[in-house]
1. Let me know the whole percent of all Cα-Cα pairs from region 25-223 that are separated by more than 27 Å.
2. With angles folded into 0 to 90 degrees, how steeply does helix 330-346 sit against the dominant principal axis of the chain? Use alpha carbons for both and round to 10.
3. Within region 151-253, report the trypsin sites (Lys or Arg not before Pro) that DSSP leaves as loop and that have at most 10 other Cβ atoms within 10 Å.
4. Can you tell me the mean projection area, over all orientations, of the convex hull of the chain's alpha carbons? Units nm², please.
5. What residues of region 400-428 lie in the reach of a label at residue 256, counting those whose backbone N is under 20 Å from a point 7 Å from the Cα along Cα→Cβ?
6. Which of the lysines could be linked to residue 253 by a straight reach, that is with a Cα gap under 19 Å, when you skip same-chain ones fewer than 8 residues away?
7. I need the GluC sites (Glu not before Pro) found in region 293-379, filtered to DSSP loop residues with at most 14 other beta carbons within 10 Å of theirs.
8. Identify which of 295, 31, 352 has the largest mean-square fluctuation in a Gaussian network model of the chain, with springs joining Cα atoms closer than 10 Å.
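Each reported figure results from applying straightforward, stated rules to the coordinates on display, with no laboratory input. All values reported here derive from a predicted model rather than from experimental measurement. Here Cβ is always computed from backbone atoms with ideal geometry, including for glycine, and neighbour counts include all displayed protein chains.
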Amino acid sequence: MIQSIDRAKAPAQEEFDHIKIQEVEKSALDNGIPVYSIRAGFQDVVKVEMLFMNRGFDASQPLVFSATNRMMSEGSKHHNAQELAEMIDGYGSFYETEESSDYCSLNLFTLNKHLESTLPVFREILMEPEFPENELSVFRQNNRQRLIVEGERVNAVARRKFHEVIFGASHPYGYFVKPVDYEKLQREPLMSYHRKNYSSTNCSIIVSGNVTAEVISLLNKFFGSGEWKGTQQKETVTDISSHLDKKHVVEKKGAVQSAIRIGKVLFNKTHPDYIGMTILNTALGGYFGSRLMNNIREDKGYTYGIGSAMVSMKEGGCFFISTEVGAEVTSKAVKEIYKEVELLRKKPLEGNELLMVKNFLTGSFLKGIDGAFHLADRWKGLMLYGLGYDYYYRYLETVRTIKAEELMILAQKYLDPGDFYEIIVGKK
């Protein structure tokens, strides 16, 4: 007998009793480099991530971190960029780089059976880069042009200006990169930074996929013998120096849209209120059913999209609301944004709304632990802050149990509009 389904009724919503997160296995190479392994999945594929913390930001050379990491694959002592790429591509493998204000990494993706053949090339990229002048010249030119083009986009300018205003122009999180910074980029500082920072004492390895004993043995063979060249770099913390003025307008003549970014310096995920604020942020603007989307997109029609976010970084964090609207409705949109913030501070979320937020966050978390590479990213999100897996279990428990009144208290504590910085980029 076929059971009929009433499609006019939503399916019943149920809570998960328990979620088990697969944890990393910790080991070390012979030279002490820590290795964090996630063995998951059914395919014979591995991802090897070599991660290095950034050290000693210098505002006079703001691009050294990212340029060094991105340029390492552009030529070594023995092979040019094309040869290195072909030596990896020939095995159906590939590598990529990742850069942030806190760390840089090189990542290799390959089949297990080709790991022994691709790791020597990966090692050559990592340990023997030459930063050839011809490739650096192309890098300078391409990125300078990209930045000039990006500078015409109001949302890109608003994003960079916001960080400059809240963190300070000389802070690694706030420095506003300019085209001239690419013009000044030279080979020797990249060589120097590589010698100092890309060392075994500043390296962690995260390996995920079909991680066998042979995989660990191969990592040890190519990266575990001896201490790499380099000097132990001290961690430095740059003081945050927020701008005195809270409101900033960057004029873009002829712009048909205005970019709006409103927010403040906040804290990172080591703070006890971070999880609660993540939940509150989701209700405000963290998913498609949020209050900001319902008001400013669905009701007012001022924008195609609007969102808010909690950003966690090693030395701090921030909260922001971001959107692009028609130039003629900029003031109206800003007014509605503040209205939604004030409503969160004055009235608790209703039961159905809070349940939707909780279900969304739980589902997103489950999606984020589906597969070895996602699990590796989840671990990296703990390791960088010195946290353990208990953080994620606290997160899930807080999502499950937090009350609407608790969220309202957090809104009153941290979302005072008088503390917000406001950036408008567009027509004056």
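1. Roughly 36 percent, rounded to a whole number.
2. Once rounded, one gets 80 degrees.
3. When the trypsin sites (Lys or Arg not before Pro) of region 151-253 are filtered for loop state and at most 10 Cβ neighbours within 10 Å, 234, 253 remain.
4. Computing the convex hull of the Cα atoms and averaging its projections yields 24.8 nm².
5. In region 400-428, the label zone of residue 256 (backbone N under 20 Å from the point 7 Å along Cα→Cβ) covers 425-428.
6. 161, 427, 428
7. Answer by residue number: 350.
8. 352
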